[in-house]
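For reference, the structure discussed in these notes is given below.
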Amino acid sequence: MVEKRRKCSSVSGDRGLAEEPRAEIEALREEHRILLKELRRLDKSLARLSLERAEAAAVIPVLESLHALLADRIHPHMLRERRTLRPLLRRSGLSREREIRTIIAGDDGVEKECRQLKRALQRLKREADEREAIRRVIAIGEGVIEVIIEHVHREERILFPRLEENLPSAPSRPPRA
Ligand SMILES: [Fe+2]
């Protein structure tokens, strides 16, 4: 039995919020690693349940875990990115680039996915054990996971490296006389 606790995880907390932009980006990468691991674990569970043609009672807890991950950890992560990365992107002028704009446009949190998942879960609870309802809800969960993994990859492959290229190099040292 998984105990429901609302604790502030290191992923969603501000504990690691560094003042130095490079350290902040590194902290976000670390959050990505943790979140990706969780997302892949849930994705595997959904794939297995789908294959086994599992009953609603087995599918619901996995989707509830996904919902909790979105609401309690991924959403705060995205808000943290918005708060810390956007000023850097503006200052560096990168926010004017189309590719970068597309990435940050998807960074406003995961409210839409949370709502979608919640509705699907409610439907599943009503229509429990209807094969088609179960299949649909698993597909929604897998779709949400895919969207988030893709978003993380675009940050890791494009956004973070571009940002790092545009940050002032080495820590500032007093100029030589
Ligand atoms: Fe991210």
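Quick note: the coordinates plus some simple rules give every number you see, no bench work behind them. All of these numbers come straight from a predicted model, not from anything done at the bench. For neighbour counting, all protein chains shown are included, and Cβ atoms are generated from backbone atoms with ideal geometry for every residue, glycine included.
The length gained by stretching the chain between Glu127 and Arg22 to full extension, at 0.36 nm per residue less their Cα-Cα distance, is 32.9 nm. In order along the range 20-31, the phi-based Karplus estimate (6.51 cos²θ - 1.76 cosθ + 1.60, θ = phi - 60°) of 3J(HN,Hα) comes to 7, x, 5, 5, 5, 4, 4, 5, 5, 4, 4, 4 Hz; Gly and Pro are listed as x. Can you find, among Ala23, Ile138, Val59, the residue farthest towards the positive end of the dipole of the range 21-165? Put +1 on the C-beta of Lys and Arg, -1 on that of Asp and Glu. Farthest along the dipole direction, towards plus: Ala23. Think of each Lys and Arg Cβ as +1 and each Asp and Glu Cβ as -1; about the Cα centre, that makes the dipole of the range 27-142 roughly 460 debye. Between Arg48 and Arg162, the FRET efficiency from the beta-carbon distance, with R0 = 41 Å, is close to 0.65. Computed 3J(HN,Hα) for the range 52-69, one whole-Hz value per residue from the Karplus formula 6.51 cos²θ - 1.76 cosθ + 1.60 where θ = phi - 60°, is 7, 6, 5, 7, 3, 4, 8, 7, 4, x, 5, 6, 5, 5, 5, 4, 5, 4, glycine and proline marked x. Converting phi to 3J(HN,Hα) with the Karplus coefficients 6.51, -1.76 and 1.60 and the offset θ = phi - 60°, the range 75-87 yields 4, x, 4, 5, 5, 4, 4, 4, 5, 9, 7, 4, x Hz in sequence order, with x at every glycine or proline.
When you restrict to C-alpha pairs under 8 Å that are six or more residues apart and normalise by the size of the range 21-165, the relative contact order lands at 35 percent. Here Arg135 and Ser65 are evaluated by their C-beta separation; at R0 = 22 Å the FRET efficiency comes out at 0.70.
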